[in-house]
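Each remark here refers to the structure printed beneath this line.
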There are 2 protein chains.
Amino acid sequence: MPALGPNAHLIGRPGSRAQLCTPALLLDLDAFQRNVALMAAFCRERGVALRPHAKTHKSVEIARQQLEAGAVGICCATIGEAERLTAGGIGNLLITSPIVTRPKLERLARLHERAAGLMVVADQIAAVDDLARIAAGTGRALHVLVDLGVGRQRTGCASTAGALAVARRIAGANSLAFGGVQAYAGHLQHVPEMAERARQGAPEDAKIEDVLEALSADSIAVPRVTGGGTGSHAIDAEGGLFTELQCGSYVFLDVDYRRVALRADAPQPFEPALFVRTAVISANAADHVTTDAGFKAFATDGPRPEILRGAPQGAEYFFFGDEHGRVELPDAPRHLPVGSVLECLTPHCDPTVNLHNVYHVVQDDALVDIWPIDARGAI
Amino acid sequence: MPALGPNAHLIGRPGSRAQLCTPALLLDLDAFQRNVALMAAFCRERGVALRPHAKTHKSVEIARQQLEAGAVGICCATIGEAERLTAGGIGNLLITSPIVTRPKLERLARLHERAAGLMVVADQIAAVDDLARIAAGTGRALHVLVDLGVGRQRTGCASTAGALAVARRIAGANSLAFGGVQAYAGHLQHVPEMAERARQGAPEDAKIEDVLEALSADSIAVPRVTGGGTGSHAIDAEGGLFTELQCGSYVFLDVDYRRVALRADAPQPFEPALFVRTAVISANAADHVTTDAGFKAFATDGPRPEILRGAPQGAEYFFFGDEHGRVELPDAPRHLPVGSVLECLTPHCDPTVNLHNVYHVVQDDALVDIWPIDARGAI
């Protein structure tokens, strides 16, 4: 577990937000907890289970709060994330990418012995046979879902026939239990307009429906249909196909997702809760100042960070190397002095979190806690 | 210090490279050590000192080997890097970005008490005064260089007059010692053609020369002129202005730098030494397979990773989300089965290293050691 870093002595001190060493990843506790509660309530009302994705936050404490709010379990992207969360006492994990290759299967076998309710996915028959072999050694059934390829075909079976064959193989293995169907349409999540997102999702839903019919015809009971994300959650909850949703980013809301209309009644019900605090370290240029947060503090796979606090309206952040940001200022006032501190909404939240060691948990002007990013680097 | 990860039990086993859990960051020990020796010899022959930049590798062990090969010290980009290297027994550190804001100055004061030969930079008078104040409390002089802004003006004084004023302030402070001039022309490093790089560098050199003349006229002795990088090292060594070079990436050579002609006599004297090993985890699509390395295993601020081993000629890697890569295959053979393992040259090496916890040090087909990335996340 990473140490709590150079700001640990500030926890609980009034005004300590202003004394944080920069760059620092901030989590607004109240906004975060409202987001957790809002999604939990939404799923409860619609009768769909919530299994939030920990790839977003990689945190035992956040997973714990999600479970406390009513989540049925937690998703992990990697065996490493599942190991760290298990070590932190989190159960009912679903690893959402296929586990293949011998070294990872060996880790999975060891994890399965100590992780209550662990589930995995498979998208080919040979992988099911590998899972059956390692589970046979542990003396308890491993729950395996068939992964169905939708959208850009990142993982998953490419056809109903393929999915049926994999499901049959799972159901027929003594050491395995058939856990249901997973289908994650990643390509839909960031489509800005809700109607367009629903339109693009319809053929994917048809694929899922086709697989469910084939399983039913084969008398294979389907304990769960899991998938969806923050972008598609409202559509998926209405659609009636999914029994549980794998939303992740709703806890933080990032620059990407703030542009996406998430619900028909309230386009953006979630609040930005995750920021990077960065200080101006040089101000000798005519047209910009330089801050201490660059490629190693913000993810670079998506949009630029958005300055929310600390700079005049219209100031914009641009990447300026590994450790630096360039802030271009509007016409007047032209200058931000050295030592000024800005807070920026994180661009793509998942890979941004993965760059940091801890969350600096703030309420108003105080640092109230520091939570380790337990599974950081557990790729 | 991060733990050694899931592959630690493989150290020293013949054939263990093939048994590594993926994704894994690999360091080819022989190629790496040849790179270290080659740059050390070059600087020795040209009579210029080498102070390699640890922002690239963030590793105590690599810094130790660079010092053993003759480096006069090590550069750090952040106070956090300097703290971790100091804890690992590395001395003679230069922090290459201005340290401002009170929380960082307090850390610097504590570090200065235990870090022999620590040097920092400043680009404004108020910052010099802050440094003088914290150094006064420690009882030993802090060496401060004036940072001169060149190129894109990321940090540094914008004019000769400004640099002279800062240098005078340093030289006049009782608790400080004037350490010389730093000028880092980051914008030159990746200019592919050497002649064009030299042409673009000439006006920057003129700025440095102007400052050196002003300091000389003011009878301020200049202990060192430090700057340069892997891209400009040969030009800077010839130019006669720099007394020490801050090269970083030469130890690894990445996709970016492999395209840059580094020397007149031998355009690319360094060897690729840093790779990410990644496995195919899904292969159900007609036009691609999916691997287990994405945004969280490779930096995304530069070019794409290049597949060097494990795939047919012409196969190309594309990012496919946080934890996934899409490998598009040439016409024939069309398929790479699940479990196939590829090794990719890292795109931009510095932020790629920062994503991982350890180097898997390999020689031929064996894992021979694991080195922690001690300052990972020390932003």
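Count the DSSP beta bridges whose two residues both fall in chain A, then state the antiparallel fraction as a percent rounded to the nearest 5.
50 percent
Using the Karplus equation 6.51 cos²θ - 1.76 cosθ + 1.60 (θ = phi - 60°), what ³J(HN,Hα) coupling, rounded to whole Hz, does each residue of the range A:240-257 give in order, writing x for Gly and Pro?
Computed from phi, the couplings for the range A:240-257 are x, 7, 7, 9, 8, 10, 10, 4, x, 5, 4, 5, 10, 6, 10, 4, 4, 6 Hz.
Could you give log10 I(q)/I(0) at q = 0.12, 0.20, 0.23, 0.24 Å⁻¹ for the range B:1-109, computed by the Debye formula over C-alpha point scatterers of equal weight, without solvent?
Results for the range B:1-109 at q = 0.12, 0.20, 0.23, 0.24 Å⁻¹ read -0.55, -1.08, -1.22, -1.27.
Just order B:298-309, B:52-63 by mean Cβ neighbour count inside 10 Å, highest at the front, would you? Walk me through the numbers on the way to the answer.
Values: B:298-309: 19.5, B:52-63: 26.3.
With the highest mean Cβ count within 10 Å placed first, the list reads B:52-63, B:298-309.
If you average 1/r over every pair of different alpha-carbon atoms in the range B:138-179 and take one over that average, what Kirkwood value in Å do you get?
On the way: mean 1/r = 0.0921 Å⁻¹.
After inverting the pairwise mean of 1/r, the radius is 10.9 Å.
Based on the alpha carbons, how large is the Rg to Rh ratio for the range B:208-303 when Rh follows Kirkwood?
Values: Rg = 21.0 Å, Rh = 17.1 Å.
Answer for the range B:208-303: 1.23.
Rounded to two decimals, what ratio of Rg to Rh does chain A give with C-alpha atoms and a Kirkwood Rh? Intermediate values should be presented prior to the final figure.
Numbers: Rg = 22.1 Å, Rh = 21.8 Å.
Ratio of gyration radius to Kirkwood radius for chain A: 1.01.
Given Cα pairs under 8 Å that are at least 6 residues apart, what percent is the relative contact order of the range B:313-379? Before the final figure, lay out the partial values.
Details: 55 pairs, mean separation 12.3, N = 67.
Here the relative contact order equals 18 percent.
Can you give the average number of partner chain beta-carbon atoms within 10 Å of each beta-carbon in peptide A:207-218, as a whole number?
On the way: counts 0, 0, 0, 0, 0, 0, 0, 0, 0, 0, 0, 0.
For peptide A:207-218, the averaged partner shielding equals 0.
Can you compute the charge dipole magnitude of the range A:180-241 about its Cα centre, using +1 on each Lys and Arg Cβ and -1 on each Asp and Glu Cβ, nothing else charged? Give it in debye, rounded to the nearest 20. Show your work: numbers first, answer last.
Values: 4 positive and 10 negative charges, 36 e Å.
In total the dipole reaches around 180 debye.
Give the peptides B:186-197, A:253-264 in descending order of average Cβ contacts within 10 Å, highest first.
Working: B:186-197: 16.7, A:253-264: 19.0.
Packing proxy ranking, top to bottom: A:253-264, B:186-197.
Relative contact order for the range A:1-117: what percent, with Cα pairs under 8 Å and sequence separation of 6 or more? Please report the intermediate quantities before stating the final value.
Working: 104 pairs, mean separation 20.2, N = 117.
After rounding, I find 17 percent.
How big is the protein assembly as shown by Rg and Dmax over its Cα atoms, in Å?
26.8, 92
Skipping prolines and chain starts, which residues have an amide H placed within reach, meaning under 5 Å, of the one on B:GLY248, given they are 5 or more residues away or on another chain?
Close amide H contacts, sequence-distant or interchain: B:HIS53, B:THR230.
Would you kindly work out the equivalent ellipsoid of the range B:288-357 from its C-alpha gyration tensor and give its semi-axes, the square roots of five times the eigenvalues, largest first in whole Å?
Details: eigenvalues 91, 27, 20 Å².
Ellipsoid semi-axes (Å, largest first): 21, 12, 10.
Taking chain A as a Gaussian network, where each spring joins two C-alpha atoms under 10 Å apart, which residue of A:VAL276, A:VAL289, A:VAL150 fluctuates the most?
Answer for the Gaussian network model of chain A: A:VAL289.
At a threshold of 8 angstrom on Cα-Cα distance, excluding pairs fewer than six apart, so keeping six or more, what relative contact order does the range B:116-211 reach in percent? Mind showing how you got there, number by number?
Numbers: 151 pairs, mean separation 28.4, N = 96.
Result for the range B:116-211 is 30 percent.
So what is the diffusion coefficient of the range B:86-163 in µm² per second by Stokes-Einstein at 20 °C and 1.002 mPa s, using a Kirkwood Rh over Cα pairs?
On the way: Rh = 13.0 Å.
After rounding, the answer is 164 µm²/s.
Report, in degrees rounded to the nearest 10, the 0 to 90 angle that the Cα long axis of helix A:125-136 makes with the longest principal axis of chain A.
90 degrees
May I ask what percent, to the nearest 5, of DSSP beta bridges between residues of the protein assembly as shown are antiparallel?
Details: 56 of 108 bridges.
In the protein assembly as shown, approximately 50 percent of DSSP beta bridges are antiparallel ones.
Against the empirical 2.2 N^0.38 Å scaling, what ratio does the C-alpha Rg of the range A:110-257 come to? Walk me through the numbers before you get to the answer.
On the way: Rg = 16.0 Å, N = 148, 2.2 N^0.38 = 14.7 Å.
For the range A:110-257, the normalised Cα radius of gyration comes out at 1.09.
Going by average Cβ density within 10 Å per residue, which order do the peptides A:18-26, A:132-140 take, highest to lowest? If you can, show how the numbers build up before the last one.
Numbers: A:18-26: 21.4, A:132-140: 15.2.
Most protected by this proxy first, the peptides run A:18-26, A:132-140.
Please compute the average number of Cβ atoms from other chains found within 10 Å of each residue's Cβ in peptide B:154-163.
4
Just checking the output field for A:342-351: average partner chain Cβ neighbours within 10 Å of each residue's Cβ?
Values: counts 0, 0, 0, 0, 0, 0, 3, 0, 5, 8.
Mean partner shielding for this stretch: 2.
Once the label point is set 7 Å along the Cα-to-beta-carbon vector, what list of distances in nm do you get between A:ARG46 and its counterparts in the other copies?
Ordered by increasing distance: 6.1 nm.
When each copy gets a label point 7 Å from Cα toward the beta-carbon at A:GLN200, what are the spacings between them in nm, shortest first?
Distances between equivalent label points, in nm: 3.6.
How big is the antiparallel share of DSSP beta bridges in the range B:121-276, given as a percent to the nearest 5?
Numbers: 0 of 14 bridges.
Approximately 0 percent, going by the DSSP bridge assignments.
Each reported figure results from applying straightforward, stated rules to the coordinates on display, with no laboratory input. From a predicted model like this one, the values you see are computed outputs, not experimental measurements. For neighbour counting, all protein chains shown are included, and Cβ atoms are generated from backbone atoms with ideal geometry for every residue, glycine included.
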